[in-house]
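Let me begin by presenting the structure, written as C-alpha cells, before commenting on it.
A short reminder: the numbers here are calculations on the coordinates, not readings from a lab. Everything numeric here is computed off the predicted structure, so don't read it as measured data. Note that we place each Cβ from the backbone using ideal geometry, even for glycine, and neighbour counts take in every protein chain shown.
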Amino acid sequence: MRFYYHPAIKNNFPGLATGLINATGLDKNVDVGLVVEDFFNMARKRLETGQEGGFPEIQAWRQTFSKMGLKPTQYRCASEALLRRFRKEDTLPSLHPLIDLCNAASIAFAIPVAVYDISGISGSLEVCPANGDEIYQTFGGDIEHPREDEIIFRDEDNQVHARRWCNRQSGISAVKQSTDDILIVCEAMHENAINDVSSLITALSAAIEAHWAIPTNITLPGKIGDQ
C-alpha cells in the first residue's frame, strides 16, 4: 500500500515531518502495560512543566488548524485531545494493546499517532484536500462528507480514513480485535519535528517488535514522496 501527500500539502506546510510503521502479524493477546506506563511517566514529567497547550508540538498543530480555517480549541489534534484527558484523569482507557501503546507514545511525545487497519483501506492512502463528495464513516456507523478542501486521508474508493487531518479517524479502518496488518502514521510540524518524529518511530517500532515478536518496516521523515 502506498502512502503519500498531495503536492498542495507539502507546498502549504513545508515544516511537516512524517514517520510510518507497517507491521503484519499482530494480535490482541499481548500485555503492553509496562511500556505504556513508561510512556505515561514521560507525559507526566512533561505536564509538570505546564499544560499541553503550551508545548511547541501542540502549538504548531494549533497554528496548522488555524491555517486550515478551523478553530484550534474546537478541533484539536489527536495528541492534544489525549493529553487533555490524561492531565485530568492521569490515565487513558484501555482499548486494544496496540492502540494503548500508540496512545501512550502519542502523549509522551505530544505528537499525533494514527493507527490504521490496512484491510479497511482500498489501494493507496493519500493525504489531500477533499473534493467534498468523499465518504466518511464515524465510529458509530454514521456517514458524513468532508467539506471541500478539508484535509483528509483518502483511499482509491473515495473513502475517508481521517477528517481534519489528525483530528478524527474513521471507523472504516479502525483497529479491531481481529486486526493483523497495520499502518501507523506519526506527523509533526514544530521546529524539531524531524528528530522528534524519528525518535517516536524508533521507540514505537522497538516496542512492537519486542512485544509481538514481529519485524516492522519503518519510514523516517524525509523519505515519503509526493504524488
Worksheet, complete the sentence: In the neighbourhood of D27 defined by beta carbon distances under 15 Å, the net charge of the other residues (Lys, Arg +1; Asp, Glu -1) is -4
Practice prompt. Would you look at the GNM of the chain, springs on alpha carbons closer than 10 Å, and say which of S122, S198, S79 moves the most?
Written response: S122
Worksheet item: Could you give the dipole magnitude of the chain about its Cα centre, charging the beta-carbon of Lys and Arg +1 and that of Asp and Glu -1, in debye to the nearest 20?
Response: 700 debye
Discussion item. Show me, for segment 138-153, the HN-Hα J-couplings you get by feeding each phi into the Karplus relation (A = 6.51, B = -1.76, C = 1.60, θ = phi - 60°), rounded to Hz, glycine and proline as x.
Written reply: 6, 5, x, x, 6, 9, 10, 10, x, 6, 4, 6, 4, 7, 9, 9
Worksheet item: When Lys and Arg each count +1 and Asp and Glu each count -1, what net charge do the other residues less than 13 Å away from Y136, Cβ to Cβ, add up to?
Response: -2
Item to complete: Using a/c under 1.5 as the rounded threshold, could you call segment 156-227 rounded, prolate or oblate? The axes a ≥ b ≥ c are square roots of the C-alpha gyration tensor eigenvalues, and prolate needs a/b larger than b/c, oblate otherwise.
Response: oblate
Item to complete: Please sort by residue number the chymotrypsin sites (Phe, Trp or Tyr not before Pro) in segment 119-227 whose DSSP state is loop and whose Cβ has at most 15 other Cβ atoms within 10 Å.
Response: F139
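I'd like the FRET efficiency for N29 and E191, computed as 1/(1 + (r/R0)^6) with the beta carbon distance as r and R0 of 30 Å, rounded to 0.05.
Plugging the Cβ-Cβ distance into 1/(1 + (r/R0)^6) gives 0.15.
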Item to complete: Would you mind telling me the antiparallel percentage of the DSSP bridges in the chain, rounded to 5?
Response: 80 percent
Practice prompt. Name the longest site-free stretch of the chain, where the excluded sites are GluC sites (Glu not before Pro) in a DSSP loop with no more than 16 other beta-carbon atoms within 10 Å.
Written response: 49-147
Discussion item. At a 10 Å Cβ-Cβ cut-off, how would you order T73, T216, fewest neighbours first?
Written reply: T73, T216
Worksheet item: Taking the Cα atoms of segment 104-227 alone, what are Rg (to one decimal) and Dmax (as a whole number) in Å?
Response: 14.9, 43
Worksheet entry | Formal net charge of residues neighbouring M68 (Cβ-Cβ distance under 14 Å; K, R +1; D, E -1) | +4
Worksheet item: Tell me, in nm to one decimal, what length is gained between H145 and S122 on full extension, where the rule is 0.36 nm per residue of separation less the Cα-Cα distance?
Response: 6.5 nm
Practice prompt. Just subtract the alpha-carbon distance of E209 and D157 from 0.36 nm times their residue separation and send over the number in nm, one decimal.
Written response: 15.6 nm
Worksheet item: Translational D (Stokes-Einstein, µm²/s) of the chain at 10 °C and 1.306 mPa s when Rh comes from the Kirkwood sum over C-alpha pairs?
Response: 90 µm²/s
Fill in: Calculated FRET value between Q63 and T202, using beta carbons and R₀ = 41 Å, to 0.05
0.95
Worksheet item: Let a ≥ b ≥ c be the square roots of the eigenvalues of the Cα gyration tensor of segment 3-68; is it rounded (a/c under 1.5), or, if not, prolate (a/b larger than b/c) or oblate?
Response: oblate
Worksheet, complete the sentence: Pseudo-spin-label distance R84 to T49, built 7 Å along Cα→Cβ, given in nm, is 2.2 nm
